[in-house]
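Chemist: This structure is in C-alpha cells; I'll ask about it shortly.
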Amino acid sequence: MVLVLASSIGAFGGCLEDTSANMAALPKNAANAKPFLGWSTWNYIGKDPTQASIEAQARVMASTLKSHGFKYILLDDFYYLNPSTTVDQFGRWVANSSRFPDGIAALANDIHRMGLKFGIYLTPGVPVAAVNQNTPIEDTPYHAADIADTSGFEKNYNYGSGMMYYINYSKPGAQAYVNSWARQLASWGVDFLKMDGVGPSDIADVRAWSQALSSSGRSIFFDISNTMSISNVNIWKRYANAWRTQGDIECYTGCPNYLVNWNNISACFASVATWAKYSGPGGWNDLDALDVADGELDGITDTERQTYMTLWAIAAAPLYMGDDLTSMDTYGKQLLTNDEVISLDQAGIAGAPISQGDQQVWLVHNSNGSYTVALFNLGDTAATVTINWSQLGLVGPQKVHDLWARRDLGNVANGFNASLSPHGSRLIRVG
C-alpha cells in the first residue's frame, strides 16, 4: 500500500496526472510482493453470498489449495443493505444480517482460523442515506452532508444509480470519512479491499482510500476495478496494489448456466499483451477470475481450461477462482495444484508475446537466466507453433522442461515445435 501526502482535489478527481511536487510515497504494502492467489464469491455465488456458502468454499481452500499458496477469500458485491436507505451511525454500509447473521467480523475471524485471509468489496462515494440522515463523521465535528457532492452519483452495481453521491475531497472531513471506513475494515480483520466502479473520475477516491488503508493499522491489499484506463496507469500503480485491465471474464447471458466461454478468454490476449509492461512487484494486472476448477460448470473444454490458466500464469496475474470449489473436478484440481505453473506466476515476471495472431509465442526471461515459453493456438483448427532458440539468443541444443506435464524433455536442438489442437497450449522452460 502507498500512503501519499497530497493536496486535495475535487469530487471528479481534478487533473488526471499526479506530480512529484504534491506527493511523497511511503514503501508499499508487503502483501503485494507477489500476485495474490485466492477465490471470489462473484462468479459462482454471485448475487447471493452468505456466511455459510463462503465458509464452505473456504474449508475446501484450506484443505486442498492453501498448501499451494491460495489464501484469499474475497467477498464481492451484494452483501450489504441498500445505501440509499440504510447506513450505520457513521454513514457506512451495513451488512445484510439475514445473509451474515454473525456479522462480517465473525466471518473474517472464521476465515483467519482456517489460516486464510479475508477480503471485502466497496464502491466509491458516500451513501445517499448518510447524506439524507446527515450522519456524523467519526471523531470529527463534520457530517456526511458537509462532504457530499450531490450533483451526481457514483456507480453501484448492486442497487444501481442513485445510491452513492460523489465525495468532494476539497471539503474538511472528506478524508476523515474515508479513514473512518478504513479503520472499520481493519477492526473487522479485513486483509483485502476490492473497490469497484472506479474510473478516471474516481482518482481522488483511489488516492484517499490508499492513504486511509495505509493508516488503518492493518496491512490491507488494495485492488481497483473495473476496466481501468491504461492512460492513467501510473496513477493506479502509485496508489493501488492491483488493477483490473479488462471487463468481466464471466459471459453472463451469453452462456446461460456456464461461467465463461472461449470467446471471452481468447479476447483477453490482446489486452494482456498491452498491459504486460506495467505489472510487477508493487502492483499487478488483475485479469479477473480464473474459472478452471469445475469442468462442465466452467463452460469450456479441458484444453481451453489449460490455455486459460497458462495465459494468467505467464502474465503473472493474480490467480483467484470464481468456481464452486466444493464441486472441483479432478482435472481442475490438477491445474490448480500444479506447483510449477503456480511458481511461474508467483515469480512475478509478466511475460509478453513475440508473435501474435491465431498462433502466439509468449516469453518470460526468468531470474536464473532460463526462459519460460508459452505456445498458444487460438485458432479453430490444429496448428504447429514453433519457438526457435535463436529467438531467445541461444545457440545449440537446450534443455527443455514441460511445466504442465512436470517432466524433462531432454536436450532439443534448434527449437521446439508444439502440435496444438484448437485453442490448445504448451508451457515449457528452456535452458
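We did not get these values from a lab; they are worked out from the coordinates using the rules stated. These figures come from a predicted structure and were not determined experimentally. Neighbour counts run over all protein chains shown; Cβ positions are idealised from the backbone, glycine included.
Chemist: Return the FRET efficiency for the residue pair S170, K47: r is the Cβ-Cβ distance, R0 is 30 Å, and the value is rounded to the nearest 0.05.
Modeler: The formula returns an efficiency of 0.25 here.
Chemist: Still on this structure, I have one more. For segment 243-311, what is the largest minus smallest coordinate of the Cα atoms on each principal axis, given in angstrom and ordered from greatest to least?
Modeler: Sorted largest first, the three principal extents are 36, 22, 19 Å.
Chemist: Between Y157 and S215, with labels modelled 7 Å along Cα→Cβ, what's the label distance in nm to one decimal, could you check?
Modeler: 3.0 nm
Chemist: Oh, and also: I'd like the Karplus ³J(HN,Hα) series for segment 337-354: coefficients 6.51, -1.76, 1.60, θ = phi - 60°, whole numbers in Hz, and an x wherever there's a Gly or Pro.
Modeler: These are the phi-based 3J(HN,Hα) values: 10, 7, 5, 5, 6, 4, 5, 4, 4, 6, 5, x, 10, 6, x, 9, x, 10 Hz.
Chemist: In addition: Straight-line reach from K117: which lysines fall under 24 Å, measuring Cα to Cα and dropping same-chain residues less than 8 apart?
Modeler: By straight Cα distance, K117 reaches K28, K34, K47, K66, K71, K194, K237, K333.
Chemist: What does the extension gain come out to for Q391 and T337, with contour length at 0.36 nm per residue minus their alpha carbon separation?
Modeler: 16.3 nm
Chemist: In whole Hz, what ³J(HN,Hα) sequence does segment 201-218 give by Karplus (6.51, -1.76, 1.60; θ = phi - 60°), x for Gly and Pro?
Modeler: 6, 10, 4, 4, 5, 4, 4, 5, 5, 4, 5, 5, 5, 5, 9, 6, x, 9
Chemist: Hey, with R₀ at 22 Å, roughly what FRET efficiency would Q356 and T227 work out to, going by the Cβ-Cβ distance, to 0.05?
Modeler: With a Förster radius of 22 Å, E is 0.55.
Chemist: So what does the Cα-only Debye profile of the chain read at q = 0.10 Å⁻¹, as log10 I(q)/I(0), no solvent term?
Modeler: -0.70
Chemist: Read phi for every residue in segment 276-289 and hand back ³J(HN,Hα) as whole Hz from Karplus 6.51 cos²θ - 1.76 cosθ + 1.60, θ = phi - 60°, with x for Gly and Pro.
Modeler: Here the 3J(HN,Hα) series is 3, 5, 8, 9, x, x, x, x, 10, 6, 8, 8, 5, 5 Hz.
Chemist: Highest GNM mean-square fluctuation, the chain, Cα pairs closer than 10 Å: which of G283, G415, G91?
Modeler: G415
Chemist: Here's another thing I want to ask about it. Can you give me the distance in nm between label points at R113 and Q89, each placed 7 Å from the Cα along the Cα-to-Cβ direction?
Modeler: Simple spin-label model gives 2.7 nm for this pair.
Chemist: Right, next: Once the piece of chain linking D380 and A413 is laid out straight, how much longer is it, given 0.36 nm per residue of separation minus the C-alpha distance between them?
Modeler: In short, 8.9 nm is gained.
Chemist: Per 0.36 nm of contour for each residue apart, how much would the distance between T326 and N257 grow if the chain were fully extended, relative to their Cα-Cα spacing?
Modeler: 23.1 nm
Chemist: Further question: 7 Å from Cα along Cα→Cβ at both T274 and A405: what's the point-to-point distance in nm?
Modeler: Rounded to a tenth, the inter-label distance reads 3.7 nm.
Chemist: For the chain, give the share of DSSP beta bridges that are antiparallel, in percent and rounded to the nearest 5; count only bridges with both residues there. Show your work: numbers first, answer last.
Modeler: Numbers: 38 of 60 bridges.
That works out to approximately 65 percent antiparallel.
Chemist: With a Förster radius of 30 Å, plug the Cβ-Cβ distance of S67 and S187 into 1/(1 + (r/R0)^6) and report the FRET value to the nearest 0.05.
Modeler: 0.50
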